[in-house]
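> For reference, the structure I am asking about is given below.
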Ligand SMILES: [Zn+2]
């Protein structure tokens, strides 16, 4: 499958700052490895901007039919530090706008954070 940019638009039409890294097809199912390229995020509690990444982990999102094929989206999600001493929150997990929220609404297959 060739054009990652075209497929990105098919898979994530609403996702802001998404990058589709590669496509693999281990068992007849297309796996799209994606991540957010947004360099900084704001703490949901105190709204301070953070660029300090605490950790990364993979989320496997619901299988998604594209042109008659099943596509599984593996999304790399980052956890950021909040460095504001007054803020009760030490870390927070990024939400990819238009993607994690959208897949969360899609129902089974997505674990809530
Ligand atoms: Zn905070």
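The values are calculated or read from the model by the stated rules, or taken from the named source; none is laboratory data. Predicted, not measured: the structure shown is a model, and the values here were computed from it. Heads up, the Cβs are rebuilt from the backbone with ideal geometry, glycines too, and the neighbour counts pull from every protein chain shown.
> Can you list residue pairs whose Cβ atoms sit under 9 Å apart, with the first residue in region 42-58 being within 13 Å of residue 91 (Cβ to Cβ) and at pLDDT 95 or above and the second being more than 10 Å from the ligand (Cβ to nearest atom) and not in a strand (DSSP E or B)? Count only pairs 6 or more apart in sequence or on different chains.
Cβ pairs passing all conditions: 50/40.
> Please determine whether any residue of region 15-22 is surrounded by 13 or more Cβ atoms within 10 Å (Cβ to Cβ), modelled with pLDDT under 80, within 16 Å of residue 74 (Cβ to Cβ) and away from the ligand (no atom under 16 Å from the Cβ).
Checking region 15-22: at least one residue is surrounded by 13 or more Cβ atoms within 10 Å (Cβ to Cβ), modelled with pLDDT under 80, within 16 Å of residue 74 (Cβ to Cβ) and away from the ligand (no atom under 16 Å from the Cβ).
> Outside any strand (DSSP E or B), modelled with pLDDT of 80 or more and surrounded by 15 or more Cβ atoms within 10 Å (Cβ to Cβ) - does that describe any residue in region 64-81?
For region 64-81, residues outside any strand (DSSP E or B), modelled with pLDDT of 80 or more and surrounded by 15 or more Cβ atoms within 10 Å (Cβ to Cβ): absent.
> Can you name the residue in region 41-63 that is under 23 Å from residue 11 (Cα atoms) and part of a loop (DSSP other than H, G, I, E, B) and, of all such residues, is nearest to the ligand (Cβ to nearest atom)?
Out of the qualifying residues, it is 61.
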